[in-house]
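Visitor: I have a structure I would like to understand better, so I am pasting it below and will then ask my questions one at a time.
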Amino acid sequence: MRKLQQRAAGVLETVLAGTALHQILPQQLQQLDTPGERGALQDIVYGSLRQLGRLDAWLAALLERPLTDPQLGWLLHPDWWIDKLQVQYPASWQGILQASLLHPPFTLRVNRRHGDVAGTLQRLSEAGLPAHQTGPDAVTLDRAVAVHSLPGFAEGHVSVQDAGAQWAARLLDAQPGERVLDACAAPGGKSGHILERADVDLTALDVDAARLGRVQDNLERLRLTATVRAGDAAQPEAWWDGRLFDRILADVPCSASGVVRRNPDIKWLRRPGDIAQFAAQQAVMLDALWRLL
């Protein structure tokens, strides 16, 4: 356990120095031998990031002298983050902060090409995985499990996707035969959902060529087809063929403040100036994409 704690401390130090958790944690998990060790490391890291603000306060109250080894501190949210929530949500900021400390729900999207919510709930129950409906196509399990143990996952009958994220394709409401652009597609959840709902000519675009592999993997598991292309939504002249799209989904880069339960490193990586930068980046992308619609 001591070695796991030391490894977790190293991960936390790297994250708090500015590296996103999804960039560093998988490398560390691959170096461990057993599922138990990998699960323990993940729990320590995620738990520490979720509770870091509270733990810092407790630590300050209990220590007689400052820590000489910063890694110890990493194992134990920021003030500006709390201040913004207090101003923008004066009646509910405490509840928002409390909710951000909880474990995220484990929610599935039912592929309507292969079944419905009622049938999926029945199959999950038969597999000893109680769940309940949380959206038109969403079911949330009482506990998280390995995805490959989910009935129908390998066959593309269900996918892991938060209930809120499932509204994007539903609100886009693409119709059969339309030409659709998913402008920030990786890792592919929304692209898959669009294609599950209608037979469309979909282009799945993302600026991160490396992450497009996950888009393709998800589409293959779902037995669906799209044009997967690397490109910057803010610079369509580099990849657009000149044909207009009937609908465009732009899940543009943002602060990710709404998903800190699932990405607890976000509140420690973000800086006050990031919000204005994201807004400027979003405006550039929207101006560029508007001409394609």
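So that you can scan it fast, the table gives a plain yes or no per residue for (1) in a helix (DSSP H, G or I); (2) at positive phi; (3) crowded, with 16+ Cβ neighbours inside 10 Å; (4) modelled with pLDDT of 90 or more:
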| position | (1), (2), (3), (4) |
| --- | --- |
| A99 | yes, no, no, no |
| L102 | no, no, no, no |
| R112 | no, no, no, yes |
| Q122 | yes, no, no, yes |
| H132 | no, no, no, yes |
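Visitor: Got a number for residues in the stretch 134-159 being farther than 19 Å from L222 by Cβ and modelled with pLDDT of 95 or more?
Guide: The qualifying residues number 4.
Visitor: Looking at the stretch 271-286, is at least one residue open to solvent by 50 Å² or more (accessible area, probe 1.4 Å), of a type outside the set (D, E) and at positive phi?
Guide: No.
Visitor: Can you name the residue in the stretch 197-217 that is over 22 Å from L289 (Cα atoms) and under 20 Å from the mean Cα position of the chain (by Cα) and, of all such residues, is surrounded by the fewest Cβ atoms within 10 Å (Cβ to Cβ)?
Guide: Checking each candidate, the answer is A210.
Visitor: Next up: Working carefully through the options L171, L108, L124, find the one that is over 22 Å from S191 (Cβ atoms) and among the hydrophobic types (A, V, I, L, M, F, W, C). First the steps, then the outcome.
Guide: Working: L171 fails: over 22 Å from S191 (Cβ atoms); L108 fails: over 22 Å from S191 (Cβ atoms).
From the options L171, L108, L124, the qualifying one is L124.
Visitor: While we're on this one: Would you confirm whether any residue within the stretch 162-169 is in contact with a strand residue (DSSP E or B) (Cβ under 9 Å, 6 or more places away or on another chain), surrounded by fewer than 17 Cβ atoms within 10 Å (Cβ to Cβ) and part of a loop (DSSP other than H, G, I, E, B)?
Guide: Yes, because at least one residue in the stretch 162-169 is in contact with a strand residue (DSSP E or B) (Cβ under 9 Å, 6 or more places away or on another chain), surrounded by fewer than 17 Cβ atoms within 10 Å (Cβ to Cβ) and part of a loop (DSSP other than H, G, I, E, B).
Visitor: Out of D69, D79, report the one residue that is at pLDDT 75 or above and of a type in the set (D, E). Before the answer, list the steps.
Guide: Values: D69 fails: at pLDDT 75 or above.
One residue alone meets the criteria, D79.
Visitor: Ok, one more. Within the set of pairs 6+ apart or on separate chains, which have a first residue in the stretch 281-293 that is closer than 14 Å to F245 by Cβ, a second that is loosely packed, with under 14 Cβ neighbours inside 10 Å, and C-beta atoms under 7 Å apart?
Guide: A288/Q235; L292/L244; L293/L244
Visitor: Output the qualifying pairs, or none if there are none: Cβ atoms under 8 angstrom, residues six or more apart or on different chains, first residue in the stretch 165-182 and among the small types (G, A, S) and modelled with pLDDT of 95 or more, second residue assigned to a loop (DSSP other than H, G, I, E, B) and open to solvent by less than 30 Å² (accessible area, probe 1.4 Å).
Guide: A174/A198; A174/V200; G177/V200
Visitor: Further question: Whether any residue in the stretch 241-256 is polar (S, T, N, Q), open to solvent by 40 Å² or more (accessible area, probe 1.4 Å) and outside any strand (DSSP E or B) is what I want to check.
Guide: Applying the first criterion (polar (S, T, N, Q)) to the stretch 241-256 yields 255.
Remaining after also requiring open to solvent by 40 Å² or more (accessible area, probe 1.4 Å): none.
The answer is no; no qualifying residue exists.
Visitor: Scan the stretch 257-270 residue by residue and report those that are open to solvent by 40 Å² or more (accessible area, probe 1.4 Å), touching a Lys or Arg at 6+ places or on another chain (Cβ under 9 Å) and closer than 12 Å to Y46 by Cβ.
Guide: R261
Visitor: Still on this structure, please answer the following. Filter the stretch 134-154 for residues that are part of a strand (DSSP E or B) and either open to solvent by less than 50 Å² (accessible area, probe 1.4 Å) or in contact with a helix residue (DSSP H, G or I) (Cβ under 7 Å, 6 or more places away or on another chain) (or both) and give the result. It would help to see each step written out before you state the result.
Guide: Residues of the stretch 134-154 that are part of a strand (DSSP E or B), as a first pass: 134-135, 138-141.
G135, A138, V139, T140, L141, listed by residue number.
The values are calculated or read from the model by the stated rules, or taken from the named source; none is laboratory data. Worth saying up front: this structure is predicted, and the values here are computed from it rather than measured. Here Cβ is always computed from backbone atoms with ideal geometry, including for glycine, and neighbour counts include all displayed protein chains. The area values use the complete protein model at the heavy-atom level, side chains included, leaving out ligands, DNA and RNA. Shrake-Rupley method; radii C 1.70, N 1.55, O 1.52, S 1.80 Å.
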